[in-house]
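Novice: Before I ask anything, let me first share the structure, which is written out below as structure tokens.
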Amino acid sequence: MKFIVIGGDAAGMSAASRAKRHQPDMDVIVLEKTGDVSYSACGMPYAIGDPERKIDGLIVRPADIFRKKQGIDLRTGHTVTAIDPENKTVTGQTAARDPFSLEYDKLLIATGASATVPDLPGIDLPGVMVLKTLEEGRRIKNYIREKKIQKTVIIGMGYIALEMGDALRGLGIAVDMVKPRPAFLPWMHSDLANVVRSEVEKNDVRVMAGHVIQRIEAGKEGLTVVCEDTTLPADMVLVAVGVVPNSGLAKTAGIETGVGQSIAVDHQLRTSAPDIFAAGDCADAYHVVTGQKTWVPLALRANRAGWAVADNVCGKEKSLPGIAGTAVFKVFNLEVARTGLNFKTAADAGFDPAGVVIQTRSRAHDHPGSSTIFVHMVGDRQSGKLLGVQMVGREGVAHRINAPAVALFASMTVDAFSQSDLAYAPPFGPTWDPVLTAANQLLKKI
């Protein structure tokens with residue numbers, strides 16, 4: 001059997017490696033358009049923010065290890081330009097512009113996602129950066145060092161924008177953040193979003209939400225982000241307004257796409273074309289709370305989906321239940337986490353949501369070092385189901401979110417979750433854990 005994988009990061013290399021473990025004699029070919037494979041993209045803001053760290057330190061496993069130790073035919077610098085599902089071939093060209101064509105028995109599309117680039121005049125000027133690939137991370141880190149950047153404007157206020165704001169301030173670089181929409185973190189309850197915004201502003205990042213951006217200009221003094229009502233000078237501009245799935249190859253091949261133009265897959269990661277799978281940031285997933293399709297690019301999902309594809313390719317039937325959208329990020333001294341639905345997405349999915357916000361402590365009330373934790377919890381009035389949780393705090397948030405995440409996978413009610421036997425010791429939390437306190441308060445509403 002010939003198993004071809006398009007894309008050599010989390011999903012692609014996980015699938016290729018596992019397929020080789022299952023069937024060492026299988027002909028596994030990975031086609032990766034860049035020179036980088038198997039790296040921790042999530043670590044790039046932290047590596048950029050530390051002058052002593054090298055971006056290449058984020059490479060989990062070099063390409064030669066896959067080739068020499070696992071026998072994977074890993075071909076970097078190979079860009080696939082077309083898939084022919086009827087004749088079961090992929091075609092493309094190498095970095096040297098030599099054409100290639102390969103037949104496959106099974107195919108995995110693991111093309112990932114790309115940074116969204118808004119259609120703005122000046123978006124392609126030198127010094128205007130995006131951050132998604134390792135090469136983009138290298139470019140930003142080198143640019144900061146070589147140009148001695150003093151001032152940056154970040155367009156966007158999502159995960160990457162906030163993490164990069166933190167990293168740049170740590171380097172002593174002045175930061176303005178700007179975006180057209182007025183809400184700071186629109187997916188988060190306003191009480192919690194205000195806590196995050198205050199932390200960002202306390203660290204001398206200017207937050208400018210609700211300013212429509214018209215263009216980016218270059219002049220003798222550097223770059224300028226021109227808005228309808230203001231201008232923002234910068235030595236560098238970072239565009240961090242989100243990502244889009246790289247589904248163009250699939251769409252051109254007639255493969256069905258779904259939410260956000262991601263590649264539509266079933267629970268076994270099969271696409272609408274026979275013998276073609278898709279996994280990672282290019283593919284959609286089922287939401288475990290709604291049962292509906294969603295698209296949330298997640299590192300763990302990419303690795304897990306790659307494993308599942310390999311199992312199915314090798315005849316070991318594997319089905320994935322889906323995702324809850326669990327995520328966490330650090331911004332200055334805060335941990336910010338979420339899982340499941342918020343109030344709006346719960347209502348949009350047909351639930352009758354009720355929600356509470358509670359403020360409690362990260363440790364027992366008299367234990368030194370205790371700080372405030374905010375919890376927003378949403379449940380369904382009709383069924384009593386737990387639907388989602390958001391948390392913000394200086395400690396005890398990043399791993400605490402895992403308890404409600406597991407509860408969502410188990411389809412627990414708020415009442416059942418409130419009876420969970422969670423660990424207690426004064427240095428780690430109050431007797432009533434913050435998520436249990438939130439559940440008890442939510443029960444009063446549902």
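The values are calculated or read from the model by the stated rules, or taken from the named source; none is laboratory data. Keep in mind that this is a model prediction, so the values were computed, not measured. Don't worry about glycine lacking a Cβ; one is built from the backbone with ideal geometry, like all the others, and counts go over all protein chains shown.
Novice: For the stretch 173-215, which positions are touching a residue at least 40 places away in the same chain (Cβ under 8 Å) and small (G, A, S)?
Specialist: Once the filter is applied, which keeps residues that are touching a residue at least 40 places away in the same chain (Cβ under 8 Å) and small (G, A, S), the stretch 173-215 yields only A209.
Novice: Test of understanding: among V244, V296, V259, which residue is touching a residue at least 24 places away in the same chain (Cβ under 8 Å) and within 14 Å of T111 (Cα to Cα)?
Specialist: V244
Novice: Inside the stretch 57-67, can you point out the residues that are touching a residue at least 24 places away in the same chain (Cβ under 8 Å) and part of a helix (DSSP H, G or I)?
Specialist: Correct list: L58, A63, F66.
Novice: Give the residues of the stretch 258-289 that are assigned to a loop (DSSP other than H, G, I, E, B), of a type in the set (A, V, I, L, M, F, W, C) and within 20 Å of A308 (Cβ to Cβ), sorted by residue number.
Specialist: Matches in the stretch 258-289: A264, V265, L269, A273, A279, C282, V288.
Novice: If you don't mind, another one. Would you point out which residue out of A327, A305, A299 is crowded, with 21+ Cβ neighbours inside 10 Å and among the small types (G, A, S)?
Specialist: Checking each option against the conditions leaves just A305.
Novice: I'd like the full set of residues that are touching a Ser or Thr at 6+ places or on another chain (Cβ under 9 Å) and of a type in the set (K, R), limited to the stretch 353-388.
Specialist: R361, R363, K385
Novice: Going through the stretch 69-81 one residue at a time, which ones are at pLDDT 95 or above and of a type in the set (D, E, K, R)?
Specialist: D73, R75
Novice: Here's another thing I want to ask about it. Look through the stretch 83-104, keep the residues that are part of a loop (DSSP other than H, G, I, E, B) and of a type outside the set (A, V, I, L, M), and return whichever of them is surrounded by the most Cβ atoms within 10 Å (Cβ to Cβ).
Specialist: Only one residue tops the list, namely Y104.
Novice: What number goes with the only condition from (1) exposed (fewer than 14 other Cβ atoms within 10 Å of the Cβ); (2) at pLDDT 95 or above that V207 does not pass?
Specialist: (1) is the only condition that V207 fails.
Novice: Restricting to the stretch 105-124, give me the number of residues that are in a strand (DSSP E or B) and closer than 23 Å to V309 by Cα.
Specialist: So the answer is 6.
Novice: Looking at the stretch 356-371 only, could you name the residues that are surrounded by fewer than 20 Cβ atoms within 10 Å (Cβ to Cβ), under 28 Å from the mean Cα position of the chain (by Cα) and touching a residue at least 60 places away in the same chain (Cβ under 8 Å)?
Specialist: Matches in the stretch 356-371: V357, I358.
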